[in-house]
Ligand SMILES: NC(=O)c1ccc[n+]([C@@H]2O[C@H](COP(=O)([O-])OP(=O)(O)OC[C@H]3O[C@@H](n4cnc5c(N)ncnc54)[C@H](OP(=O)(O)O)[C@@H]3O)[C@@H](O)[C@H]2O)c1
């Protein structure tokens, strides 16, 4: 029996990946979601999880551990993400909302569930090529963790702020892999789905916007010939790639951690220079531990 635990499965890329997981035989799936109550079928459960609250993350982790008993997790997918309209909104604990949801909550969840991961299991963290200034001009060139947790007027805004939180996902994935390398054969994958049109990342899609996406997609496809990061993919394709990576159907070359969907094809480039910086990895690990109340 395979066990999958997943965040961000109720919409967009995660919902498309979930369809692949739901079709698997002998598979238990636990979904952490804000809205629970959907009946997903035997062995599939939605449990309450609001990533904007570290208390909710701890409660979710405890209820997963209760449900698991002696069983272990084979696949942990940390996919949920937001891009708040501004950086003035705060999480339950007072951290900036996008940073808290995309990074801090997933950092805490990964660490709380680490002892429940099976040998040979996988942790997939959804990042973005927005983490990389060599790919998108607004990608972060420095890491100021304090300015992400509690922004000031000088802190990055909009897509730059979002990109910095996705850098945090990548830095966490690399740190996790480094820390696990000596103790276990748990694999970590940082997945970039690439620009994906039909999701709710920029807010729930209104009917006019839903109608617009198929019209503007060819335009982005054309720009994508010259600037691959602007190629607009679909949630169906991105979700399939996520599921295939998690299930090992698409394997990363040895020594690689970053899987990036570029114009619909999985590639395995180096993450940004800053993501590979050991000092940035260590600083984020340490400061995040302090923020969520864990030892390093
Ligand atoms: N779309 C793109 O172009 C793109 C590109 C690169 C990377 N990504 C990344 O891909 C991932 C999936 O995004 P998407 O585009 O599929 O967006 P989406 O359709 O908005 O899906 C986001 C998911 O995250 C969940 N979520 C958000 N806030 C939450 C919270 N406080 N507690 C629990 N769950 C929460 C949402 O749940 P609800 O149903 O409750 O809202 C939903 O399931 C994100 O990590 C995003 O950063 C997206």
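By the compact-protein rule of thumb, 2.2 N^0.38 Å, the alpha-carbon radius of gyration of the stretch 144-269 corresponds to a ratio of 1.22.
Packing-based ranking of 249-256, 71-78 yields 71-78, 249-256, ordered from highest to lowest mean Cβ neighbour count within 10 Å.
What's the whole-number percent of alpha carbon pairs in the stretch 199-284 lying beyond 22 angstrom? It works out to 45 percent of all Cα pairs.
All C-alpha pair distances within the chain, sorted into 10 Å bins from zero, spread as 6, 29, 39, 22, 4, 0 percent across the bins. Where a ≥ b ≥ c are the square roots of the eigenvalues of the C-alpha gyration tensor, would you call the stretch 1-138 rounded, which needs a/c under 1.5, or, failing that, prolate if a/b is larger than b/c, or oblate? Prolate.
Apply the a/c threshold of 1.5 to the C-alpha gyration tensor of the stretch 9-87 and tell me whether it is rounded, prolate or oblate. Here the stretch 9-87 falls in the oblate category.
Show me the three semi-axes of the equivalent ellipsoid for the stretch 1-55, from the C-alpha gyration tensor (sqrt of 5 times each eigenvalue), largest first, rounded to whole Å.
Ellipsoid semi-axes (Å, largest first): 19, 12, 10.
Counting beta carbons within 10 Å around each of 155, 184 and listing the fewest first gives the order 184, 155.
Mean-square fluctuations from a GNM of the chain, with a 10 angstrom spring cutoff on Cα atoms, peak among 43, 32, 187 at 43. DSSP beta bridges confined to the chain are antiparallel in about 10 percent of cases.
Read-outs: derived from the displayed coordinates by stated rules, not from any lab. Fair warning: this is a prediction, and the values are worked out from it, not measured in the lab. When we count neighbours, we look across all protein chains shown, and the Cβ atoms used for this are built from the backbone with ideal geometry, even at glycine.
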